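Just below is one structure, and these are the notes that go with it.
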Amino acid sequence: MVISRVKLLLCSLALALVGCAPTPLRGTGDLGLIIERASGHVTLVDTSRRAAYARIGGLGDLSHASVVYSRDARYAYVFGRDGGLSKLDLLGARLVKRVVQSGNAIGGSISQDGKIVVAQNYTPGGIKAFDADTLDLLAEVPAEYAPGAFSKVVGLADLSGQRFAYALFDGGEIWLSDFSQPRQPKTLRFPAGQQPYDGLVTPDGRHYLAGLFGEDGVAMLDTWQPELGTRRILEHYGRGEEKLPVFKMPHLRGWAVAQG
């Protein structure tokens, strides 16, 4: 009887030690994330080993998903087309939290200090800001460009000073929202042109460019001197014999800026 109890104790101790065994250490700079559009899953990969190490599901509609990362590269924030915002722990290989924050969304961004995650929405039009740690809602900026008229938001980009720039597709404007006081953002509005449909910020973080779908050209805003307003550049860019659908147009997310 005593021997059996000793064996049982030893077995229990061995199982406890196995259960407490540390997970393999990984450097976050080694890790990557693959969106599985059709399945609502993501696959986490170790790029040095060139191997998948985890798969996470339950992320909703990922047909137009995008991802941003925390400053330490441990967490990934996945923006789903169905308005879902998911926070993933790349080291723990788990879903930390998911919130459905709108009916139709198309991407987002994270502040340069890593404290605020912002989603841009089609339905309802506007942006929503969340605490990066908890995903608690901090503030919402409805894209109401005229009384009762709300626009789809596109081209969201982070700027210095807790600011975000984005374009209103239906409203024909560029908005600049300052989240220095996260629960009380302040927004400036600028005319852009007909149907701005995407945007980027130059590498120095100064100029925000919005490509125009409804007319030829690109609208540019100097975010260091916003009081100067927008100006048109590449006036004849996109000019052709026939108007092409948006999927035939080069999105500014696929552009680059070099040598001025």
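Read-outs throughout are calculated quantities, based only on the coordinates presented, and are distinct from any laboratory measurement. Note that the coordinates shown come from a computational prediction; the quantities given were computed from them, not determined experimentally. Virtual Cβ from ideal backbone geometry, glycine too; neighbours counted across all protein chains shown.
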Show me, for segment 144-149, the HN-Hα J-couplings you get by feeding each phi into the Karplus relation (A = 6.51, B = -1.76, C = 1.60, θ = phi - 60°), rounded to Hz, glycine and proline as x. 8, 7, 8, x, x, 10
For the chain the mean separation of alpha carbon contacts under 8 Å (6+ apart) over residue count, i.e. relative contact order in percent, is 8
For segment 169-237, what percent of Cα pairs sit more than 15 Å apart? 52
Return the single residue from Ala105, Ala93, Ala165 with maximal mean-square fluctuation; model: Gaussian network over the chain, springs between Cα atoms under 10 Å. Ala93
Pairwise Lys count, the chain - Cα closer than 27 Å, eight or more residues apart or different chains: 16
Any residue on another chain or 5+ positions along whose placed amide H is under 5 Å from the amide H of Gly126 is listed here as Asn121, Ala143, Val153
Which angle from 0 to 90°, rounded to the nearest 10, does the C-alpha axis of helix 2-19 make with the longest principal axis of the chain? 20
Whole-Å semi-axes of segment 101-244's equivalent ellipsoid, largest first, each the root of 5 times a Cα gyration tensor eigenvalue? 25, 17, 13
For a quick check: with amide H placed at 1.01 Å from N, whose amide H comes under 5 Å from Gly40's, ignoring anything fewer than 5 positions away on the same chain? Leu62
In a Gaussian network model of the chain with springs linking alpha carbons closer than 10 Å, the residue among Pro142, Pro24, Pro203 that fluctuates most is Pro24
For segment 30-44, Karplus-derived ³J(HN,Hα) couplings (6.51, -1.76, 1.60; θ = phi - 60°; whole Hz; x for glycine and proline) come out as 8, 9, x, 9, 10, 7, 9, 4, 7, 10, x, 10, 10, 10, 8
Cut-off under 5 Å, modelled amide H: who pairs with Leu156 long-range: Ala167
Among Ala129, Ala139, Ala65, whose mean-square fluctuation peaks in a Gaussian network model of the chain (Cα, cutoff 10 Å)? Ala139
May I ask you to evaluate 6.51 cos²θ - 1.76 cosθ + 1.60, the Karplus curve with θ = phi - 60°, for each residue of segment 191-205 and list the ³J(HN,Hα) values in order in whole Hz, giving x for glycine and proline? x, 10, x, 7, 6, x, 10, 6, x, 8, 10, 5, x, 7, x
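Take the chain, mark every one of the trypsin sites (Lys or Arg not before Pro) that falls in a DSSP loop and has at most 11 other Cβ within 10 Å, then report the longest stretch left between them, sites excluded.
Values: sites that count: Arg49, Arg50, Arg183, Arg239, Lys243.
After excluding every exposed loop site, the longest remaining stretch is 51-182.
Over all directions, the average projected area of the alpha-carbon convex hull for the chain comes to how many nm²?
Numbers: hull surface 76.6 nm².
Result: 19.1 nm².
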For every other residue with a beta carbon closer than 12 angstrom to the beta carbon of Val153, add +1 if it is Lys or Arg and -1 if Asp or Glu, then tell me the sum. -3
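Within the chain, which is the longest segment that contains none of the GluC sites (Glu not before Pro) sitting in a DSSP loop with at most 11 other Cβ atoms within 10 Å? Mind showing how you got there, number by number?
Values: sites that count: Glu235, Glu241, Glu242.
In short, 1-234.
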